[in-house]
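A short write-up of the structure that comes next.
The values are calculated or read from the model by the stated rules, or taken from the named source; none is laboratory data. Please read all numbers here as calculations on a predicted model, not as lab measurements. Backbone-built Cβ (ideal geometry, glycine too); neighbour counts: all protein chains shown. The protein model used for the area step is the full one, side chains on, heavy atoms only, and it has no ligands, DNA or RNA in it. Shrake-Rupley method; radii C 1.70, N 1.55, O 1.52, S 1.80 Å.
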Amino acid sequence: MLISTRMFEQHLDWIGLRYEFVSLDEIGSHMEAGRSFTKPTAAVAFDDGYSDVYENAFPLLVKKGIPAAVFVVTGLMGTQKMQIHDKLYLLLKSAFSDARQTTRQVVELLQNADIVMPKMEAIGRMQPNAFFVMAALLDEVSQVQANRMIQVLEGSFGLGDCRYEGLASLTWEMLKEMQSAGMTIGSHTRSHALLTNESTEKMAEETARSRRDLEDRLRMKVEHFAYPDGRHNRDAAAAVSAAGYRFAYTTCLQRDPEYPLMTIPRKVLWEKSSVDSDGRFSPAMMACQMNWVFDLGSTCSHNHTLPQSK
């Protein structure tokens, strides 16, 4: 995520010299059967379904003959709607620009609109960094609450008529072209809801309906799912399984022994994930990333246990 085409190509070239690129279907079938690969194997995947995957990554993957997968938010496909996290980030960035508002003032604005959450006081003490405040606000709220926050902030710090082309989602035509070229298409829910913050009914709707969206449009069986923000717990894994997916992917090493194929780990790479002190691509850092060296002994920042109540 958030990577230049140049750095992405350096990642692919390094991996390609040491691993065999395969599809998620191949990895899934091996895992399902309990079989190991005879040599190191890697699969490439993209979440969220931004159009820049089609514009920048897709041509490079086709040129190199590398299979890949894209997980899309079906309710945003072919629309001008922003992802919730993008819109909240931009509104906070607008609020904090030129020191217009402090984080405390933003929190008070939300509280005055009867938006209350357990960590509100702690968030109010944060520095006015749009990304970190956005992440903290979304951490434990449902999508209904998140949309309410956006509505309140938009009333005070509107985004105007800017279109933010770089945040556009794929169109169905782009997705069909990628499918025809052999890319695996998977679901990333219908609206990028963080499943662990939602009711079991909402989980079922987001997982099952997004699968139907893809199968109706693409005339293919959809078997792969990626959890938004890697958020998963037992209820979320159960919902994904019940929706008919064979495989689901996280962004950490936390597995659920009851649903091992619904909690397959992935390594997240980005622009500066494998660079040296001068900001240049580093084979040594890339090796550490690919072997999970930086994850040894660490714990996931997300809570994968079930909430006490829904």
Task: Built amide H within the under 5 Å cut-off of residue 249, gap 5+ - done: 225, 226, 227, 264
Task: Given charges at beta-carbon only (K, R positive; D, E negative), |dipole| of the chain in Debye - done: 240 debye
TODO: Classify the range 110-232 as rounded, prolate or oblate from the Cα gyration tensor: take a ≥ b ≥ c as the square roots of its eigenvalues, call it rounded if a/c is under 1.5, otherwise prolate when a/b beats b/c and oblate if not.
DONE: prolate
Task: Most to least packed among 276-289, 242-255 [average Cβ atoms within 10 Å] - done: 242-255, 276-289
Task: Fraction of antiparallel bridges per DSSP, the chain only, in percent to nearest 5 - done: 10 percent
- [ ] With +1 on each Lys and Arg Cβ and -1 on each Asp and Glu Cβ, and nothing else charged, work out how big the dipole of the range 123-250 is about its Cα centre, in Debye to the nearest 20.
- [x] 260 debye
Task: Area projected by the alpha carbon convex hull of the range 44-136, averaged over all directions, nm² - done: 8.4 nm²
Task: Probe 1.4 Å, protein heavy atoms only - accessible area per residue of the chain in square angstrom - done: 51 Å²
Task: Mean ellipticity per residue at 222 nm, deg cm²/dmol - from DSSP H runs of n ≥ 4 across the chain, formula -39500 (n - 2.57) - done: -12500 deg cm²/dmol
Task: For the range 197-276, convex hull volume per residue from C-alpha positions, Å³ - done: 109 Å³
Task: Nonlocal amide H pairs with residue 21, under 5 Å, H built at 1.01 Å - done: 42
- [ ] Mind ranking 55-61, 215-221 by how tightly packed they are, going by the mean number of other C-beta atoms within 10 angstrom, highest first?
- [x] 55-61, 215-221
Task: Inter-label distance, nm, simple model (7 Å from Cα along the C-beta direction), residue 296/residue 125 - done: 3.5 nm
- [ ] Can you check what the Kirkwood hydrodynamic radius comes to for the range 1-157, Cα pairs only, in Å to one decimal?
- [x] 18.7 Å
Task: Mean separation of Cα contacts under 8 Å, 6 or more apart, over the residue count of the range 57-155: relative contact order % - done: 30 percent
